[in-house]
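As structure tokens, the structure follows; a few thoughts come after it.
The values are calculated or read from the model by the stated rules, or taken from the named source; none is laboratory data. Computed from a predicted structure; not experimentally measured. Here the Cβ positions follow ideal geometry from the backbone for every residue, glycine too, while neighbour counts run over all protein chains shown.
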Amino acid sequence: MKRTRRTAGVTLVEAMVAITILTIVSTLVWGAYDQTLRNKQRVEGNVDRNHQIFAALDRMQRELSMAFVSIHFNESPSLQTVRTCFIGKDHGERDRIDFTSFSHQRLIADAHESDQNELSYFITSHPDDRRIKVLARREQNRIDDDPQEGGHIAILVEDVEGLDLEYLDPVSNTWQRNWDTTQTTGQPNRLPSQVRITLTVPNPHRRGAELTYGTRVTIPVTHALNHSVYISR
């Protein structure tokens, strides 16, 4: 009987099976790589976002801790050139605070500036998209007669929901929603001993959910500066 010798190589069916298996394995590998890449980008995005928020809260904490007011100003409005303040206004979930501070850092040599400045923190619309709310910081490196206006505004945190501020009254030991050192019926010439800051931002991974960040600031100087010379008798 004559035997037939099988020709070396693979058949078309075997090649198709091999290609199918390779395609399945490649798809699984690519899927795992793509998921890993997405997780990496998500984690990096969370880290960058948290860093931005923590840096903003740390800056607010540092600058508020150096807040001050002074009793020295000209009582005539037409002659007032420098006026200090600490004004915190409750606006629901979007509070605003304006204050004078010793936190200014002079960056240019021989600049006619001191460590005193005007500062504000508030929620406003993004200049490029008014649908997006941002946490903004206003600074004027010289105190003038209107400590709530002027200076330069910069964005600290984009896409925020709210800013909530509360003030601890050292006299009554209660938390207040408003504080105003410029009004005789408010808290003239004295500051809160602490400020509680709560910042709310959208949760990027859950539609409609929010994330809340907070900190508390201690203000060492709670009484207005008085440079008068007292003579003891």
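Condition check for Ser103 on (1) part of a loop (DSSP other than H, G, I, E, B); (2) out of contact with any Lys or Arg (no Cβ under 7 Å at 6 or more places or on another chain); (3) modelled with pLDDT of 90 or more; (4) of a type outside the set (Lys, Arg): one failure, at (2).
Within the stretch 184-191, none of the residues are in a strand (DSSP E or B) and either closer than 23 Å to Gly92 by Cα or in contact with a Phe, Trp or Tyr (Cβ under 8 Å, 6 or more places away or on another chain) (or both).
Is it the case that the stretch 175-197 has a residue that's closer than 20 Å to Met60 by Cα and under 12 Å from the mean Cα position of the chain (by Cα)? Even if it seems obvious, please write down each step before you answer.
Residues of the stretch 175-197 closer than 20 Å to Met60 by Cα: 175-181, 190-197.
In the following step, the residues that additionally are under 12 Å from the mean Cα position of the chain (by Cα) were identified as 197.
Yes: one or more hits.
Listed conditions (1) within 15 Å of Arg96 (Cβ to Cβ); (2) part of a strand (DSSP E or B); (3) not β-branched (Val, Ile, Thr) are all met by Pro147, apart from (2). Check the stretch 71-86 and report whether any residue there is assigned to a strand (DSSP E or B), at pLDDT 95 or above and of a type outside the set (D, E, K, R). Yes; the residues of the stretch 71-86 include at least one that is assigned to a strand (DSSP E or B), at pLDDT 95 or above and of a type outside the set (D, E, K, R).
One residue alone among Thr215, Thr181, Thr198 is surrounded by 14 or more Cβ atoms within 10 Å (Cβ to Cβ) and at pLDDT below 95, and that residue is Thr181.
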